[in-house]
1. Counting only C-alpha contacts under 8 Å and six or more residues apart, can you give the relative contact order of the range 26-96 as a whole percent?
2. Report the calculated FRET efficiency for residue 7 and residue 31 (r = Cβ-Cβ distance, R0 = 35 Å), to the nearest 0.05.
3. Compute the label zone of residue 85 within the range 53-77: residues whose backbone N is under 16 Å from the point 7 Å along Cα-to-Cβ.
4. Taking the highest mean first, how do the peptides 76-85, 47-56 order by number of other beta carbon atoms within 10 angstrom per residue?
5. Once you have the Cα-Cα distance between residue 53 and residue 77, take 0.36 nm times their residue separation minus that, and quote the gain in nm to one decimal.
Ligand SMILES: [Zn+2]
């Protein structure tokens, strides 16, 4: 009986997850210039870029080496506005095609 209810709970969770995420798109931190597998869910690219940026800042404040490295790579990119723009457009396309 106990196992059944656990199974039911898992099913419910999966159902909740898929139904809430249906309208939203998912991208990982690492796919957005970050360093980990944290997933972000949003309806627009601007929104997901904002979430990933906020998360990246938090990780850098926490002293996470992977994110600090990822951020310095992004900073290099930002020195060349054209490259930054291309990167951004490429990610936007990736998001739109999801
Ligand atoms: Zn991350």
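Every number here is computed from the coordinates shown, using simple stated rules; none is lab data. The structure displayed is predicted, hence computed values, not measured ones. Virtual Cβ from ideal backbone geometry, glycine too; neighbours counted across all protein chains shown.
1. On the way: 57 pairs, mean separation 19.6, N = 71.
Once normalised by length, the contact order is 28 percent.
2. Details: r = 32 Å, r/R0 = 0.92.
Taking R0 as 35 Å, the efficiency between residue 7 and residue 31 is 0.60.
3. 77
4. On the way: 76-85: 11.0, 47-56: 17.7.
Sorting 76-85, 47-56 by mean packing, highest first, produces 47-56, 76-85.
5. Working: separation 24, 0.36 × 24 = 8.64 nm, distance 1.50 nm.
Extra length available between residue 53 and residue 77 comes to 7.1 nm.
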